[in-house]
Each structure stands twice: as structure tokens, then as C-alpha cells.
């Protein structure tokens, strides 16, 4: 009886072992099947994400092309409106009656504002589509800055502000795109005038051996060369910008302390600073901001300087 018990026990032990083995194999098979299904699902999801990504890029490219084409087509009739208004004001079609002067001036102001908006949208679309061309020239910065300042002199005088330039006499020539540089400076100066009601605006230059560290919130310097740089600073005594808003004002269509929605000329488009920063990057520079709420703002456009263009005393 004892022997039979041992045989029976051994038999059941073998059966249990076999069942456990079969269960283990079945478990492994199920796990493998599950893993394969998961892998197939991941592959399918990855393909779907790639497809969606390609579709988004295509749609974004089509949007940019559409904006660029439409904006370009809008320029022609707008230029014609502005041109005919100029002819009306000059009396080419006869002298304007006193009651006609103000409406014609409003037409001109609205057409110029709309043309400015179209130009900004076109520039933004061209940058997004990679179609904005860069034409580099060597320019003398001092007379260039004086010429740009003269463009906004009437706006400064209209608000009773002062405008001064603090620029060294022996500034190096810089190699950049003069059209884009002018646009950046006009945007920054126009922004300074818009948000300054008392005091004035200063255009100042700084020549440094390498980019200074502007602290928290500044653009990373790691991808920029270590050669000399020149900073063109637009300093104002305006309302200033809260630190919490200083990064988002460079985003498209973002505005701080905008005017009433019905007054589009006062509100602006929210594109000027976004375009300025993008243009600065395209010409190898950067735009940075230092500001304190209620104490004014300083926008600095940093541009690289070729060491060969430095004045002899600075080399």
C-alpha cells in the first residue's frame, strides 16, 4: 500500500508538472501574441502619425502659399488707391473743396494702414514658406540709422516726444540686408513711439567683443558665433512691459495694452515684433528686450560684425 501511494503521488506530481508546463507555454504564447498585436498597433499608429504630420506640413505650406499670393495680389489695388489719393491731394484733378480734405485724408490713412497690414502678412507668409530673399550689402551704420530715424521724426513730433541718437564716431561697417534691417528698426521705433506718451526715445549703439549674457529669458548664445557684435538699442520712457508678458509679445498677433478693437490703427496687428525677431534671425542676428513696468523698455538688435570691418583701434 505504501508503494502504491508513492506511485500514485509520483503520477499526480508528474501530471501537475505537465499541467504547469502547458499553462506556462500557453501563457508565453498569449503574451507573445499580445506583444505582437501591440507592436503592430504601434507600427500602425506610427504610420498614421507620420501621415498626419506630412498632411499638416502640406496644409501649412498651402496656407503660407495662399497668404503670400493673396497678399501680393492685394498690393496692386492698394498701391493704386494710395497713388490716386496723392494725386487728389496735389490737385491734379482740381482743387479739393474744404469739406473734401478731411475725407480724403481719412482714405489715405486707412489705405496706408491696410497696405502696412498686407505687407506684414506677406512678409510673415514668405518667411513661413521660406521665400524671403536675403541680399547682403556692406553699410555704414551711422548715416543708415539717421535716415531711418528721419522716417519716424514726424510721429515723434506729433506726440511731443524727443528723439536722440547716441552713436560712436568710429562704428564698423556691417554686412547685412539693408531692407530687412530698415524694417526691423522702423518696427521697433514705431512700437516705442506708440507706447510712449512722455519723455523720449534714444537710439544707441554698443560694440562688444562677444554677445553679453542677458540673463533669464534671453536667447541662447550657443548657436551664435563668438566674433564681435554690434547692438542697436531702441530705448523709450514708455509704459514698460510686465516680465510675465515679455516673451509672448514676440508671438504672432499678441498685443499688450492694445487700443479699442474698433480702432485698428491704434491696436495694430500684433505682427511687428514677431516679424522683427524672425527677420533678425534670418540676417544672423537677434532681438532682445529689457523692460520694467512703468519705467520704459529697451529693445536691442544684435548684429554680427566681421573682424575685418573693425576700426583699426578696435582690432
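The values are calculated or read from the model by the stated rules, or taken from the named source; none is laboratory data. Fair warning: this is a prediction, and the values are worked out from it, not measured in the lab. Note: ideal-geometry Cβ built from the backbone for every residue, glycine included; neighbour counts use all protein chains shown.
Considering every residue within segment 269-292, establish whether at least one is at pLDDT below 55, closer than 27 Å to residue 115 by Cβ and assigned to a helix (DSSP H, G or I). For segment 269-292, residues at pLDDT below 55, closer than 27 Å to residue 115 by Cβ and assigned to a helix (DSSP H, G or I): absent.
The numbered conditions (1) out of contact with any helix residue (DSSP H, G or I) (no Cβ under 9 Å at 6 or more places or on another chain); (2) free of Cβ contacts under 8 Å to residues at least 40 places away in the same chain; (3) under 30 Å from residue 294 (Cα atoms) are all true for residue 195 except (2). Filtered by the rule that a residue be surrounded by fewer than 17 Cβ atoms within 10 Å (Cβ to Cβ) and within 17 Å of the chain's Cα centre (by Cα), segment 295-311 gives no residues.
Given (1) at pLDDT 80 or above; (2) within 30 Å of residue 132 (Cβ to Cβ), where does residue 53 come up short, assuming only one miss? That leaves (1) as the condition not met.
When segment 157-173 is filtered for residues that are out of contact with any helix residue (DSSP H, G or I) (no Cβ under 6 Å at 6 or more places or on another chain) and at negative phi, the ones remaining, listed by number, are 157, 158, 159, 161, 162, 164, 165, 166, 168, 169, 170. The sole residue among 83, 130, 91 that is exposed (fewer than 10 other Cβ atoms within 10 Å of the Cβ) and either within 20 Å of the chain's Cα centre (by Cα) or within 24 Å of residue 182 (Cβ to Cβ) (or both) is 130. Among the residues of segment 71-101, write down those that are over 15 Å from residue 114 (Cβ atoms) and not in a loop (DSSP other than H, G, I, E, B). Within segment 71-101, 86, 87, 88, 89, 98, 99, 100, 101 qualify.
Of all residues in segment 154-169, which are part of a helix (DSSP H, G or I) and surrounded by 12 or more Cβ atoms within 10 Å (Cβ to Cβ)? Selection gives 155, 156.
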